[in-house]
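Asker: Pasting in a structure now, in structure tokens, and then I'll have a few things to ask.
The values are calculated or read from the model by the stated rules, or taken from the named source; none is laboratory data. Not measured: the values here are computed from a predicted model. Don't worry about glycine lacking a Cβ; one is built from the backbone with ideal geometry, like all the others, and counts go over all protein chains shown. Accessible surface is based on the protein model in full, side chains and every heavy atom, while ligands, DNA and RNA are left aside. Shrake-Rupley method; radii C 1.70, N 1.55, O 1.52, S 1.80 Å.
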Amino acid sequence: MNIYFVLPLFVILSFIFFIFYRQQKRLAHYSGISTLSQIKKTLTSQRFWLVILGFVLTIGFWYAAVYWLPFDAFHRLPGPDEVVIEWLSRDPYYGISIYTKEYYVHILYSTYRATVSFLLATILGVPFGLLMGWSRRFYEYSFPLVEMIRPIPPLAWVPLSILMLPGVEPAVIFVTFLVAFFVTTLNTLLGVQSIDQAYFRAALCLGASSKEILYDVVIPGSLPYIFTGLQISMGAAWFSLVAGEMIAAQYGLGYLIWQGYSLVKYPTIIIGMVTLGFIGYGSSAVIRYVGKRLMAWREQELGGLGVTYEE
Amino acid sequence: MSKTNISKDNSVANMFVKKEISFGKRLQKKLFNRTNINGTIAILGFFLIWHLLVVLRMPFMKHIPTPVTVLETFINLVTKKVYWVSLWFSTKRVFYGFVAAQVLGIPLGLAMGWSRKFKYLSFPVFEVLRPIPPLAWVPVSILFWPTNELSIAFITFIGAFFTIVLNVLRGVSSIDKELYRSALSLGAKPQHIFRKIILPASIPSIATGMMVGIGITWNVVIAAEMIAGDKGIGRLTWEGYLAGDTPTIIVGMISIGFAGWLSSGIVKIISDRMMPWRKLF
Amino acid sequence: MRNNGDEKVIKENTNIALDNSHITKKGALSICNVTKIYDPEGVHVIALEDCSLDIKAGEFVAVVGPSGCGKTTLLNIIAGFDSLTHGEIYLDNELLAAPGVKPKPGPDRVVVFQHGALFPWKTVLDNVIYGPVIQKKMSRDEAIEIARDKLSRLGLKEIENVYPGQLSSGMQRRVEIVRALINNPLVLLLDEPFRGMDSVTKSASHEALLELYDIFHKTIYFITHDLEEAIFLSDTVVVMTTRPGKIRMTIKVDLPRPRDYRMLSTPRFLELKETAKDAVHEEALKAFQRGERELA
Ligand SMILES: Nc1ncnc2c1ncn2[C@@H]1O[C@H](COP(=O)(O)OP(=O)(O)OP(=O)(O)O)[C@@H](O)[C@H]1O
Ligand SMILES: [Mg+2]
């Protein structure tokens, strides 16, 4: 049983260590310190231990609240040990662990739905937003419509889309797509609007045609906002996907969580939540990475040290 | 002052001459400009196309009523008590969750921005919890809180909380370091720096957080009501679906949209009040 | 109207003309009774009132005046970003701008912007060669060659693959001047290009600009707040009045070219400076007092 505690603890510790180590390495790139002293520096920094202390305190509080504190509310929740044991068990009591196929089926379903909706929203939303920012006339026609439909929360669309689309699966994807689409479109529009007038004028002065202005000013100029938008859009997609899955779908992590509740498989709920957290974090890290690659000019502007894991 | 300045006065006077236009003409100019006309055309066009699609019996519009039917249902529902009670419940939940998120989130964000040690201690944990979608908290929330009302308010709180904290933290960390230094060199004490520099400087980001937060809370409340609620406008919409009553679904959607829009407006007014020196958005 | 026959000139410049005898002198601007009224929401703001000014081809004109007097407004009208309310502007005796006639901004009248407008997403080199390459006047390689030469003249070696955000604002300004000059414009419109430079960089930039000017002899409309700079660089100093902007006086600078820093202490220079200073000071005072009154 001990292995259940040692293993995840080890994973978390090495993860934190890795993050710190990478930061040190980046610093070392500028100041030229050896690998050994980098490791030493990491291990002796106050910050490193504070971060670990933060996690230990949180998990400790969770454990203490569930088992020792005299509040009934906490006793209804599963403890951290219970969750970890279940999660890593070859023969899980409630049916879901890293060794069961079902776990990955749920993950795959959710990831698939999120990816499809997100890609669709990006492919349609970015050009739509660029067009809105680019053509005054198109903006005048489309913006009021967007503003009329946008305040309706994504989940309010679920019933209607089930009725309009063939089956539940497209309905869940549609709802997820819709949220992501609005976020992407409006951020792209904001990006175009935020470009300094002087860049347009400079391009005109240098003889750019409107097509060249689109390629050389509008698109690169709005890229920072587009990527901020994509990050938010990814978050929003997961948000409504989970809700959609809880309400209507078969399979998927949202479904797993809700099923865990209704079938009284409480550790499964936490497993689902944590898994969602990991995937959500991973997906926005991917977008951040792509964004950094595409916007080398910004990275350099920040002196190469600007973006840490805090961003 | 000298004579040259006085002789200059007439040109000063005609620098800001207001053109003599009557109020009616100005109103006309404001209402009937190209942007508004085109916008109106687009919205009318939208309803017209919707109506036509239903009348022409397009396959995917099979269950969808015409705008006229929706309007009738709307008028019918507005006279019923259920409608207003539902709206009231949803609004109350949004309000509680939103206020709780501000009350807890703003101090936490400020503390993280104020003390480095506290930030190292809490921020990573915060970042690990943040990507979990608010709706994933529904079961845990139901288990934990004794009443349904509290658990929905809690989920709403979760939705707005992370955004608020993040925005406040960002606001505090973007304060120019020169400000601290100049204040310190003028002999300011830490509590002065907090009250006179950190607090006012983070107000714009608090306002941004509030604007984003209110949108999220409405989203969360609707979803939570559909999943786990009794009462509430989200529930009303969902029951419309269960009963196969499409006009009610659409009326519900419109009401939710309107309520969300209204609360964003209120939050915007509040945040403008918070910073009289500039207009955000 | 724009660039006719200019193609040839550019081609000849490809091998950086050391003798400029065969460059046709073009780029004379005549500004006749120009008035510009901004009208946001019914409030008349008279930015320019009845301005007349003749700029000969190849003349270096420096415009000074208090803040908000309409220097940039006139530049915008010439560049084609803004329309004018009354009057006409001719470029080489052809109508450029009049009420209802707004020229298209183009590479014959290139602007260096007051707040800088290098594309932050392009490297220095890509910024500089942007104009000629998209106008298809040169191939990329040709453009790069010329760009390198001009950059090095302004002391900007070894930064070509760097993004503008990493440069000091003084360097950015100079890169922007190179980006403008490489288009071989008829008129170069410079909006406070040397603002915010330290004095050493500034004087180096002056020398570089003068050197470029002595080679290319472009018509230059140069806005500045620095009187000494204006007199030192230009053939004519134009002093504008506070809003509504009028031309208060034009001062012919008869210092010989090529200019040299020793001229800054010659009696003639000091005399010119005194004349201009009095005019500018009086205008600045008026602007200042008016500012107080507007606030009250
Ligand atoms: N788009 C506009 N709408 C209304 N008023 C404007 C506009 N642009 C400029 N103005 C006004 O016209 C006047 C002249 O502006 P301009 O920018 O030409 O001044 P400037 O001489 O360049 O000043 P500075 O030295 O500060 O750059 C100013 O008072 C300004 O407020
Ligand atoms: Mg100006």
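Asker: Considering only segment C:89-185, give the helices (runs of 4 or more DSSP H) lying wholly within it that have at least 3 residues that are open to solvent by 50 Å² or more (accessible area, probe 1.4 Å).
Answerer: Here the list reads C:140-153.
Asker: I would also like to ask the following. On the basis of being part of a helix (DSSP H, G or I), under 25 Å from B:V103 (Cα atoms) and open to solvent by less than 10 Å² (accessible area, probe 1.4 Å), does B:V220 make the cut?
Answerer: In short, yes.
Asker: Here is a further query. Considering only residues that are of a type in the set (G, A, S) and more than 16 Å from ligand 1 (Cβ to nearest atom), which ones fall in segment C:231-275?
Answerer: Scanning segment C:231-275 gives C:S234, C:S265.
Asker: Just a yes or no: is a residue in segment B:30-51 more than 14 Å from chain A (Cβ to nearest Cβ), modelled with pLDDT under 85 and over 27 Å from B:T69 (Cα atoms)?
Answerer: Yes, there is a match, as at least one residue in segment B:30-51 is more than 14 Å from chain A (Cβ to nearest Cβ), modelled with pLDDT under 85 and over 27 Å from B:T69 (Cα atoms).
Asker: Go through segment C:73-85 and give me each residue that's in a loop (DSSP other than H, G, I, E, B) and either near ligand 1 (Cβ under 8 Å from one of its atoms) or within 14 Å of chain A (Cβ to nearest Cβ) (or both).
Answerer: If the condition is that a residue be in a loop (DSSP other than H, G, I, E, B) and either near ligand 1 (Cβ under 8 Å from one of its atoms) or within 14 Å of chain A (Cβ to nearest Cβ) (or both), then C:G80, C:F81, C:D82 are the ones that fit.
Here is a yes/no grid of residues against (1) of a type in the set (V, I, T); (2) more than 13 Å from every other protein chain (Cβ to nearest Cβ):
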site: B:T156; (1), (2): yes, no
site: B:E178; (1), (2): no, yes
site: B:I206; (1), (2): yes, yes
site: B:G209; (1), (2): no, yes
site: B:V220; (1), (2): yes, no
site: B:G244; (1), (2): no, no
site: B:T248; (1), (2): yes, no
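Asker: Can you say whether C:R173 is within 16 Å of ligand 1 (Cβ to nearest atom) and within 14 Å of chain A (Cβ to nearest Cβ), as far as the supplied structure shows?
Answerer: When the stated conditions are applied, C:R173 passes them.
Asker: In addition: Please determine whether any residue of segment C:201-212 is outside any loop (DSSP other than H, G, I, E, B) and either among the basic types (K, R) or within 16 Å of ligand 1 (Cβ to nearest atom) (or both).
Answerer: For segment C:201-212, residues outside any loop (DSSP other than H, G, I, E, B) and either among the basic types (K, R) or within 16 Å of ligand 1 (Cβ to nearest atom) (or both): present.
Asker: Now a separate question. Looking at C:P66, is it of a type outside the set (F, W, Y), more than 15 Å from ligand 1 (Cβ to nearest atom) and in contact with a helix residue (DSSP H, G or I) (Cβ under 8 Å, 6 or more places away or on another chain)?
Answerer: No.
Asker: When you scan segment B:223-238, do you find a residue that is crowded, with 24+ Cβ neighbours inside 10 Å, assigned to a helix (DSSP H, G or I), at pLDDT 85 or above and under 14 Å from the mean Cα position of the chain (by Cα), even just one?
Answerer: No: zero hits.
Asker: Right, next: So in segment C:57-76, with the set limited to residues that are within 13 Å of ligand 2 (Cβ to nearest atom) and within 16 Å of C:L188 (Cα to Cα), which one is farthest from the chain's Cα centre (by Cα)?
Answerer: C:T73
Asker: Right, next: Could you check segment C:176-200 and list, in sequence order, the residues that are more than 16 Å from ligand 1 (Cβ to nearest atom), acidic (D, E) and within 14 Å of chain A (Cβ to nearest Cβ)?
Answerer: Listed by number, the list holds a single entry, C:E176.
Asker: May I pose another question? Please indicate, with yes or no, whether at least one residue in segment C:213-226 is assigned to a helix (DSSP H, G or I), more than 16 Å from ligand 2 (Cβ to nearest atom) and closer than 14 Å to C:R173 by Cα.
Answerer: No, because not a single residue in segment C:213-226 is assigned to a helix (DSSP H, G or I), more than 16 Å from ligand 2 (Cβ to nearest atom) and closer than 14 Å to C:R173 by Cα.
Asker: How many of the residues in segment A:155-184 are within 24 Å of A:F227 (Cα to Cα) and open to solvent by less than 10 Å² (accessible area, probe 1.4 Å)?
Answerer: Residues that pass the stated criteria total 4.
Asker: Restricting to segment C:26-72, count the residues that are touching a residue at least 12 places away in the same chain (Cβ under 8 Å), outside any strand (DSSP E or B) and small (G, A, S).
Answerer: Going through segment C:26-72 one residue at a time, the tally reaches 8.
Asker: On to the next question. Output the residue which, of all residues in segment A:265-289 that are without any contact (Cβ under 8 Å) to a residue 40 or more places away in the chain and more than 9 Å from chain B (Cβ to nearest Cβ), is farthest from the chain's Cα centre (by Cα).
Answerer: Checking each candidate, the answer is A:Y289.
Asker: A:L131 passes all but one of (1) in contact (Cβ under 8 Å) with a residue 12 or more places away in the chain; (2) within 27 Å of A:S284 (Cβ to Cβ); which number fails?
Answerer: (1)
Asker: Among B:A101, B:A111, which is the only one that is without any contact (Cβ under 8 Å) to a residue 40 or more places away in the chain and either within 30 Å of B:Y180 (Cβ to Cβ) or of a type in the set (V, I, T) (or both)?
Answerer: So the residue among B:A101, B:A111 that is without any contact (Cβ under 8 Å) to a residue 40 or more places away in the chain and either within 30 Å of B:Y180 (Cβ to Cβ) or of a type in the set (V, I, T) (or both) is B:A111.
Asker: Another one. Mind listing just one residue for me: the one in segment B:124-135 that is open to solvent by less than 70 Å² (accessible area, probe 1.4 Å) and free of Cβ contacts under 8 Å to residues at least 24 places away in the same chain and, of those, nearest to A:T275 (Cα to Cα)?
Answerer: B:I132
Asker: Given the criteria modelled with pLDDT under 90, assigned to a helix (DSSP H, G or I) and not hydroxyl-bearing (S, T, Y), does A:G207 qualify?
Answerer: No.
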